[in-house]
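The values are calculated or read from the model by the stated rules, or taken from the named source; none is laboratory data. In this text, all values refer to a predicted model and were calculated from it rather than measured experimentally. No Cβ is skipped: glycine too gets one built from the backbone with ideal geometry, and neighbour counts run over all protein chains shown. The accessibility values were calculated without ligands, DNA or RNA, using every heavy atom of the protein model including side chains. Shrake-Rupley method; radii C 1.70, N 1.55, O 1.52, S 1.80 Å.
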Amino acid sequence: MIVVIALILSGILASGQAMSGFGSPVVIMVAALLIIGEMLDRTGIAHSIGNLILRYGGNSETRLLVFLMVGAGILGSVMSSTAIVAIFVPIILRIAAKTGLHQSRLLLPMSYAALISGMLTLIATAPNLVVSDTLQEGGYEPLGFFSFFPIGLFVLVVAILYSLTIARPMLAGDDAAVEAERPSEGTASRRASSLKLLETFALLDKFYLVSVVHKPQSDLRSIFSGIIARVLARKRPPKRKADAFVPEMELMTRDACWLSGNRQSLPYCRINPHFALSA
């Protein structure tokens, strides 16, 4: 709008010439696409796709990554790639909280797929429409809706394979590699200092480290009813760092949990079939 007003006020273009761009079919098409994208968001269709990804992806990083990239590519072919990223970011954060996967290992591949989605259909991104309209004005055949879909699909498949193979070791959150590079003495020293701090402030009998030996089938609130104890953090192998516990987080076998409670939590953890006290 600033450019249009500047052209009119400077006398470079007459008002009719400057405003003629708003009569272009491309401008109307882009406005319609924004409405479609908002509809997909407000009606919950886009979020339903995210929930399906979480349901069928399970805890497998490979399946989740493939589903996320394919889902971002499909949605991005009919709406703005920026909106796709805005929709999928909270979904990925929820997936990371539930599965214990590092967020960046899912966020970056998803953003690549959202960008590549612009190569799938004519309406996936505004430049495609501008080029098609320019070709038609020049006397050439306009681009079809799926004119470059085979190329875009090929690039998307290559991006998925690249993310699963070459890019995966380079993405942040490869906890096994990080753990291998760090000296065990440093880890032991930090653990000793943490224990010393708890002992100094007489907090050793307030916190317990337990291992999940059987996946709880019931709600955690009902499991801990009757005792003063709650889960503070969860560590899932092979991750090196623990995640702060949230109510939606699920516990799996081999998880390590940091509990806060009083002395009656200790015998409870010994007799509860879900937990085993760790050293």
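What the table shows:
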{"quantity": "Calculated SAXS-style log₁₀ I(q)/I(0) at q = 0.12, 0.15 Å⁻¹ - the stretch 1-155, Debye, Cα scatterers", "calculated": "-0.62, -0.83"}
{"quantity": "Accessible surface of Glu61 - all protein chains present, 1.4 Å probe, nearest 10 Å²", "calculated": "40 Å²"}
{"quantity": "Inter-label distance for Tyr140 and Leu52, nm, one decimal - labels placed 7 Å from Cα along Cα-to-Cβ", "calculated": "3.6 nm"}
{"quantity": "Backbone HN-Hα couplings from phi across the stretch 9-16 [Karplus 6.51/-1.76/1.60, Hz, Gly and Pro as x]", "calculated": "5, 7, x, 5, 10, 6, 4, x"}
{"quantity": "Using a Förster distance of 41 Å, the FRET efficiency for Val157-Ile5 (Cβ separation, nearest 0.05)", "calculated": "0.35"}
{"quantity": "Chain lengthening between Val89 and Phe207 when straightened (0.36 nm per residue, less Cα-Cα)", "calculated": "39.1 nm"}
{"quantity": "Cα lying deepest toward the dipole's positive end in the stretch 27-142, options Ser81, Ile28, Gln103, charges on Cβ", "calculated": "Gln103"}
{"quantity": "Protection-proxy order for peptides 78-85, 163-170, 234-241, each taking the mean of Cβ atoms within 10 Å per residue, highest first", "calculated": "78-85, 234-241, 163-170"}
{"quantity": "Exposure ranking of His102, His214 by accessible area [1.4 Å probe, largest first]", "calculated": "His214, His102"}
